[in-house]
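What follows is one structure encoded as structure tokens, with my remarks underneath.
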Amino acid sequence: MEETRAVDSIKVKWGLVIHGGVGVLPRDQLTPELEEAYRAALTESLSAGFEAMSGVGSAIDGVVEAVKVMEDSPLFNAGRGSNFTADGVVSMDASIMEGGTVSAGAVAGVRDVRHPIRLARHVMEDCPHVLLAGEGAEAFAREMGMPSQGSDFFFTQRRWDDLQAAKEREAKGEATPNTVDVGAAEVAVGADELKDRAGTVGSVALDREGRLVAGTSTGGSANKKWGRIGDSPVVAAGTYAGSHCGVSCTGWGEYFIRHAVAHDIQARMAYLGVSLREATDQVVHGTLEDHRAGLGGVVAMDRDGYVEMCFNTRGMYRGWVDETGRVRVAIF
Ligand code: ASP
């Protein structure tokens, strides 16, 4: 069932790939029950995306429906399972982009929206802007008929405990350094730090009409302050879809912004003529690792239906579904 980077190329006629973040628990902490719960949630997400694309649905519908399932699951750091800020509230970011039309929509710092990916879609389709933030984005959600979701809905004990642990580390002066070497990074910054930054969800889909769409949704890092926004709502950093491929990222957002990771993968294909596999390898194992602590991963699809899932961490919750409805999920 498990797949690694060494597998043969995955190619679909049309389909969808998803991730549920790189903050995976070490194998010895992932109980069989929890592993089963993650696998079931990933499968549900893929099935929802596939179903949306099976009828008249487009890649946009597939991405939105797949991401919505993970936003509703408390297992992932997005929507309902979002991390808490230092103030003890959720502050969520999301974006979506369509390659053929190069249209995009994104929201940042929203606190009362159940499905930020749906709001990002509204920004893309029903608004002249690309990125809306905070109260303005929430007001736009109301205009689009999306009700305000009370804060209780977003409370999960697990994320609350993560926030308390992050605050304790901070009080002891153990806040995350800005530069550590990848490889040693998960040891140096600790599994907890990675966990605090990871769990984001995302999807890339290619439909029968050849439309490529990428979307990403996140609660961002635990204990974040000062209105911190990560890469996920930043088009070209956490999400990109262009003429060659679609990419959704997860990981240490500051590094993904600095290196415009999602767009860099598309640009390498366009300018260097390399394959999707080479482009994802060069960025995830080259640029990000060379620039220290660029922990994370990507899922991507190109216009020919090749699927890539590439990460420099111990694992990434992930899966894909092809045109026959065959679902595969993997963690490590
Ligand atoms: N990239 C996200 C952020 O920095 C976090 C993650 O992927 O887990 O907000």
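Coordinate-derived values only; no laboratory data. Just so it is clear, the model here is predicted, and its values are computed rather than measured. In this analysis, Cβ positions are derived from the backbone assuming ideal geometry, glycine residues included, and neighbour counts consider all displayed protein chains.
At 1.567 mPa s and 4 °C, plugging the Kirkwood radius over alpha-carbon pairs of the range 215-280 into Stokes-Einstein gives what diffusion coefficient in µm²/s? Approximately 107 µm²/s, per Stokes-Einstein. Relative to its Kirkwood radius, the Cα radius of gyration of the range 101-158 gives an Rg/Rh of 1.01.
Ranked for footprinting exposure by Cβ neighbours inside 10 Å, fewest first, Arg142, Arg121 give Arg142, Arg121. Mean Kyte-Doolittle of at least 0.5 and a Cα length of 27 Å or more along the axis: which whole DSSP H helices of the chain meet both? Span-like helices, by this rule, are absent here. As a proxy for reagent exposure, ranking His259, His129, His244 by other Cβ atoms within 10 Å from fewest up yields His129, His259, His244.
Here is how the number arises for the chain: DSSP H runs of 4 or more residues each give -39500 (n - 2.57), the sum is divided by the residue count, and the result at 222 nm is -9500 deg cm²/dmol. The P(r) of the range 43-170 has a tail past 27 Å containing 21 percent of all C-alpha pairs.
Under 5 Å from the amide H of Gly109 lie the amide H atoms of Met92, Asp93, Gly134, each residue being 5 or more positions distant or on a separate chain, with H modelled from the backbone and absent for Pro and chain starts.
Work out, step by step, the length gained on full extension between Glu44 and Asp161: first 0.36 nm times the residue separation, then minus their alpha carbon distance; give nm to one decimal.
Additional length available on full extension: 39.5 nm.
Take every Cα pair under 8 Å whose residues are at least 6 apart in sequence, average their separation, divide by the length of the chain, and the relative contact order is 27 percent.
Computed over the alpha carbons of the range 1-114, Rg followed by Dmax gives 15.9, 46 Å. Here the gap between Glu168 and Asp87, fully extended at 0.36 nm per residue and compared with their Cα-Cα distance, gives a gain of 27.7 nm. Among beta bridges identified by DSSP and lying wholly in the range 91-162, the antiparallel ones come to about 65 percent.
Built from the Cα atoms of the chain, the convex hull projects on average onto 15.2 nm², one quarter of its surface area.
If you average 1/r over all unlike Cα pairs in the range 280-319 and invert the result, what Kirkwood radius do you get in angstrom?
10.7
Local charge for Ser45 was computed over the other residues whose Cβ lies under 12 Å away, with Lys and Arg +1 and Asp and Glu -1, and equals -2.
Quick one: plug the Kirkwood hydrodynamic radius of the range 53-124 (C-alpha pairs) into Stokes-Einstein at 10 °C, 1.306 mPa s, and report D in µm²/s.
Details: Rh = 12.7 Å.
Calculated translational D: 125 µm²/s.
Fewest-first ordering of Leu119, Leu16, Leu25 by other beta carbons within 10 Å of each residue's beta carbon gives Leu25, Leu119, Leu16. For the range 253-319, the calculated P(r) over all alpha carbon pairs, in 10 Å bins from 0 to the bin holding the longest distance, is 22, 56, 21, 0 percent.
Within the straight-line cut-off of under 19 Å between alpha carbons, the lysines reachable from Lys172 are Lys195, Lys224, Lys225, sequence neighbours fewer than 8 places apart in one chain being disregarded. In whole angstrom, the range 208-329 maps to an equivalent ellipsoid with semi-axes of 23, 17, 14, each derived as √(5λ) from the alpha carbon gyration tensor and ordered largest first.
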